[in-house]
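Worksheet: one structure, shown below.
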Amino acid sequence: MDSEADLRAIYLASAGRLVAVLYALTGDYAEAEDAVHEAFARALSRPGQLRRVDSPEAWLRTVAMNIARTRFRRRVLLDRIVHSGRLRPRSVPPISPDRVALADALQELPRVVRECLVLRYVADLTIADVARAQQCSVDAVKSRLLRGRRALAARLDDRLDDKEESRA
Amino acid sequence: MPDLDFTGLAEEARQAFKPRFDEVVRRTRRRRWWLAGLATVAVTLASGGVAVGLAGGTASTPDETQVTRRVALTPVAVGDAARFYQLVQSCDTVVCHDRFGVSSDRGARWTLRDAPGPADASREILLAVNLTVVVAARQGSETTHWVTTDGGQTWRPATAEDRELGVNDRIMFVDGSRVVSVAAGTGRVGVAPGEAPLKEARPFEAGSAWGLVGFTGNRTGLSIAWSVPGARPWEVLPLPRDDGFMDVTTANGTDVYALYQGEGGIQVYASRDGGRTWTPGAVVPDPHGSGPMLATRTGLLWLATTTAVLSSTDGGRTFQPHPRFVAAGALTFDVATDLYVASTKGVNPRVWVSEDGRTWAETPS
């Protein structure tokens, strides 16, 4: 399971999905790719690790998310310090502006709510699996999903209004 | 009601991904090499070979220990032609600490010193010029700017004073509508009393001039602004467009390049008159649309995308991949007088230096 050939097969099958999840979580495509590559590198450098897990993709997603949490906590905080409201080069994938807007709006939500939405709707986990991943109750997940969707809708509405105002 | 199309987001982001398993293999090799090196150090320590500093139990000065860097948290900030700075995270078996890395031999060897601010603060190097360095440290909602004028041996919290920009000042950032600078040598932080020429602006390297890029209006009218210390007031010149801006660079204040995210990749614009007129240059395919750009005094233009580092010899009309930086990862450039530096962050940070902006050497080689 953990040989390079096996891991390459897992990579080809799941890396794209993992990058999508990490992009939704971080809002930065290059950073998302970096976290996923780092997770795979950790798997490859620790023989036997993946053999012990039921779902390699779930394990890799957790590792990549942990990497992202640790690494991006600094970046987000520092962005607030140093780049708050200022121009900063960003890394976004070549996808439609609506999707980018959705990913951007996700970044404005509290981390726990954002992760809940991303695990449910981007990673396509069941509500029970999200509850396990977040170590909370199913009801808490439902509440976070509801709050998160409402907050996202409000933010995207605001952006739409701003855009129309600037056109007018 | 806006569309919350998570499925579309997931699908498009997945399709944008270009598999690069060779990158995983490369990282793994470097990780094994690094761990092997760490194991060697551990064995040496266990056998009592190097007890000073690294062992942490002596009265000597562990904060001045000459060691190889650990995880680079920031790109290399260049103080001058020899002096580099970098914030790193150094971990023992129990705990990790942020450290302030100083190299006085262009990155060949590094001294790790205490990073300024509380242990759990998040930090960034805002500016480095000779022995003067400013680090922003945030803890909770509190941000403190720390200044050193002796290359990180001692730090003091910066206190800003209202004063006009002086010839020795380097711009750190624009706070609201005020330009905040630090004086090289004294480390005095100043807030210029007048209104900044641009809103939401940040500085960019402009040689002997000051350069700002920001907006003239409410997130509209993206422009650059020039000023020569003590010589001429700010001149504001519009950039080619507002949307998708990524970076701007110049080596001489005349040939200016702007980088934008475009439909088919990243779009370079060039100006031969200091930003008064612009012509579109190359469109470089880059699925992730990232990339700092570096103009050098020898005329070469460097562009670091997420997949390659490219150079242009014709003013941004065409770009060619550069073999020196194959599989280097995300590069960041910094400039000092007579020196260009490219560096990466992370577990296996790398540093390249160039004196002419044309040929690069990795350090340590």
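The values are calculated or read from the model by the stated rules, or taken from the named source; none is laboratory data. It should be emphasised that the depicted structure is a prediction, and the values quoted were computed from it without experimental measurement. Note that each Cβ is placed from the backbone with ideal geometry, even for glycine, and that neighbours are counted across all protein chains shown.
What are the pairs, 6+ residues apart or on separate chains, where a residue within region B:333-354 that is within 14 Å of another protein chain (Cβ to nearest Cβ) and surrounded by fewer than 21 Cβ atoms within 10 Å (Cβ to Cβ) has its Cβ under 8 Å from a residue that is modelled with pLDDT of 90 or more and assigned to a loop (DSSP other than H, G, I, E, B)?
Short answer, once both residue conditions are applied: B:THR344/B:PRO75.
Only one of these conditions is not met by B:ASN218: (1) under 19 Å from B:ALA137 (Cα atoms); (2) touching a helix residue (DSSP H, G or I) at 6+ places or on another chain (Cβ under 9 Å). Which number is it?
Here B:ASN218 meets the rest and fails (1).
Can you name every residue in region A:1-33 that is charged (D, E, K, R) and either in contact (Cβ under 8 Å) with a residue 12 or more places away in the chain or more than 7 Å from chain B (Cβ to nearest Cβ) (or both)?
Passing the criteria: A:ASP2, A:GLU4, A:ASP6, A:ARG17, A:ASP28, A:GLU31, A:GLU33.
Consider B:ASP169 carefully, then state whether it is surrounded by fewer than 20 Cβ atoms within 10 Å (Cβ to Cβ) and more than 18 Å from the chain's Cα centre (by Cα). Please lay out each step first, then the result.
Values: surrounded by fewer than 20 Cβ atoms within 10 Å (Cβ to Cβ): no; more than 18 Å from the chain's Cα centre (by Cα): yes.
Considered against the rule, which asks whether it is surrounded by fewer than 20 Cβ atoms within 10 Å (Cβ to Cβ) and more than 18 Å from the chain's Cα centre (by Cα), B:ASP169 comes out as no.
Among the numbered criteria (1) aliphatic (A, V, I, L, M); (2) closer than 30 Å to A:GLU38 by Cβ; (3) buried (at least 22 other Cβ atoms within 10 Å of the Cβ), which single criterion is violated by B:ALA270?
(2)
Let me spell it out: the conditions are (1) in contact with a helix residue (DSSP H, G or I) (Cβ under 8 Å, 6 or more places away or on another chain); (2) modelled with pLDDT of 90 or more, and B:ARG138 meets all of them except one. Which number is the exception?
(2)
Looking at A:LEU125, is it assigned to a helix (DSSP H, G or I) and either at pLDDT 80 or above or within 7 Å of chain B (Cβ to nearest Cβ) (or both)?
Spelling it out, it is not the case that A:LEU125 is assigned to a helix (DSSP H, G or I) and either at pLDDT 80 or above or within 7 Å of chain B (Cβ to nearest Cβ) (or both).
Looking only at region B:327-335, decide whether some residue is assigned to a loop (DSSP other than H, G, I, E, B), modelled with pLDDT of 90 or more and not acidic (Asp, Glu).
no
Regarding A:ARG99, is this residue in a helix (DSSP H, G or I), buried (at least 17 other Cβ atoms within 10 Å of the Cβ) and at pLDDT 70 or above? Can you show your working first?
Details: in a helix (DSSP H, G or I): yes; buried (at least 17 other Cβ atoms within 10 Å of the Cβ): yes; at pLDDT 70 or above: yes.
Spelling it out, A:ARG99 is indeed in a helix (DSSP H, G or I), buried (at least 17 other Cβ atoms within 10 Å of the Cβ) and at pLDDT 70 or above.
Any idea how many residues of region B:164-188 are on the phi > 0 side of the Ramachandran plot and free of Cβ contacts under 8 Å to residues at least 40 places away in the same chain?
Residues that pass the stated criteria total 1.
Given the condition within 19 Å of B:ARG358 (Cβ to Cβ) and aromatic (Phe, Trp, Tyr), answer yes or no: does some residue in region B:278-287 qualify?
Within region B:278-287, none of the residues are within 19 Å of B:ARG358 (Cβ to Cβ) and aromatic (Phe, Trp, Tyr).
Taking the residues in region B:273-290 that are surrounded by 22 or more Cβ atoms within 10 Å (Cβ to Cβ) and more than 24 Å from B:ALA209 (Cβ to Cβ) as candidates, determine which candidate is modelled with the highest pLDDT. Walk me through how you get there before you give the answer.
First pass over region B:273-290, keeping only residues surrounded by 22 or more Cβ atoms within 10 Å (Cβ to Cβ): B:275, B:284, B:286, B:288-290.
Now restrict to residues that are more than 24 Å from B:ALA209 (Cβ to Cβ): B:284, B:286, B:288-290.
Values: B:VAL284: 88, B:ASP286: 75, B:HIS288: 61, B:GLY289: 61, B:SER290: 65.
Ranking the qualifying residues of region B:273-290, first place goes to B:VAL284.
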